[in-house]
1. Can you tell me which residue is farthest from Gly17 (Cα to Cα) among those in segment 37-94 that are in contact with a helix residue (DSSP H, G or I) (Cβ under 7 Å, 6 or more places away or on another chain) and among the aromatic types (Phe, Trp, Tyr)?
2. Would you pick out the residues in segment 159-184 that are within 23 Å of Tyr71 (Cα to Cα) and surrounded by 21 or more Cβ atoms within 10 Å (Cβ to Cβ)?
3. Given the structure, is Val137 among the hydrophobic types (A, V, I, L, M, F, W, C), within 22 Å of Ser77 (Cβ to Cβ) and touching a Gly at 6+ places or on another chain (Cβ under 8 Å)?
4. Counting only residues that are in contact with a Phe, Trp or Tyr (Cβ under 8 Å, 6 or more places away or on another chain) and among the small types (Gly, Ala, Ser), which one in segment 248-302 is modelled with the lowest pLDDT?
5. Please report, ordered by residue number, the helices (runs of 4 or more DSSP H) entirely within segment 230-302 with at least 1 residues that are surrounded by fewer than 17 Cβ atoms within 10 Å (Cβ to Cβ).
6. Hey, any hits in segment 220-233 for a residue that's modelled with pLDDT of 95 or more and within 23 Å of Ala9 (Cβ to Cβ)?
7. Kindly indicate the residue of segment 55-91 that is in contact with a Pro (Cβ under 9 Å, 6 or more places away or on another chain) and part of a strand (DSSP E or B) and also nearest to Ile43 (Cα to Cα) among those meeting that condition.
8. How many residues does segment 1-43 contain that are in contact with a strand residue (DSSP E or B) (Cβ under 6 Å, 6 or more places away or on another chain), surrounded by fewer than 19 Cβ atoms within 10 Å (Cβ to Cβ) and part of a strand (DSSP E or B)?
Amino acid sequence: MASETIDAAAAGTWTLGDLTVNRVGFGAMRLPQRGPAFAPEAIPGDRDQAIKVLRRAVELGVNHIDTAGFYFSSLRSANELINTALSPYPDDLVIATKVGPRRDPSGEWLPQSTPAELRGQVEENLRQLGRDCLDLVNLRLSGLDSIADHFGALAQLRDAGLIRHLGVSNARPEHLAQAQAIAPVVCVQNSYGLGHRPQQDEFLRACGEQGVAFVPFFAIAGAGREAGPSSTEHDDVLAIARTHQASPAQIRLAWALQRGSHVLVIPGTGNLDHLADNIAAGALQLAPDDLARLDAIHQDQH
């Protein structure tokens, strides 16, 4: 595919509350470091390159950027990079962040925040991003059965004008229902991809029926998660990629986008060429036969 001229609008748009975004966005997790995110041995990423990638993403039509205050390495913070690269922000740019998980300054993970601690995390994101109000805050869950207290705390911050819209991340259907009983939920952000967590299929469909965006992270990496995609690829994915003169990563993104019009992908990269390729995947239309072969791969891997 001739990637350089394809805009993020090619995959269409979705509305998060009152904010319209292109369905191909950008995830900032990989910007602060080289190698796997959050690894103790991670090497800080190239600052100038990260800024170039962010600016190029916006030039190519990306208006949905996913970040978090806990995306940092020893020298780099994703939020600070976004602020430096893109402030003053374009009017249509939606920055989504996450709260809940915490890391100490050395990068070690701490216990999940209490409801009372979430305000400090929201305020830190506001400070780092240089904003008065956060467009979208996802409550990232870990080990919680009931999220009422945590989500209720964020709903209060929404009422106070610090947050515009709310979402949940790493969530189960019951979490979404608990949250919706407290305040509107515009998105569910879960780990999902081709051959990765097919048990999420029903939840993905249910989100679409309710008008809630489903935002898969690791849509390319799949089970490789922070380490990135496997070095080996399924033969059928390779064959379909050859047919479309595309990369396997583009096929994986196109497959995710064709799971529903409410699916928003947020692939991340620190490479300008990979960025253009990821965005171009939004223009790739897979044929019914392609989808059938890919769906078979998806259901075969658990």
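The values are calculated or read from the model by the stated rules, or taken from the named source; none is laboratory data. This structure is a prediction, so every number in the text was calculated from the model and none was measured. Here the Cβ is made from the backbone with ideal geometry for all residues, glycine too, and neighbour counts use every protein chain on show.
1. Step by step, filter segment 37-94, then rank; the result is Phe38.
2. Ile163, His165, Leu166, Gly167, Val168, Ser169, Ala171
3. yes
4. Residue satisfying both the conditions and the ranking: Gly268.
5. 235-243, 272-280, 288-300
6. For segment 220-233, residues modelled with pLDDT of 95 or more and within 23 Å of Ala9 (Cβ to Cβ): absent.
7. Taking the candidates together, the pick is Phe72.
8. Summing the residues that are in contact with a strand residue (DSSP E or B) (Cβ under 6 Å, 6 or more places away or on another chain), surrounded by fewer than 19 Cβ atoms within 10 Å (Cβ to Cβ) and part of a strand (DSSP E or B) in segment 1-43 gives 5.
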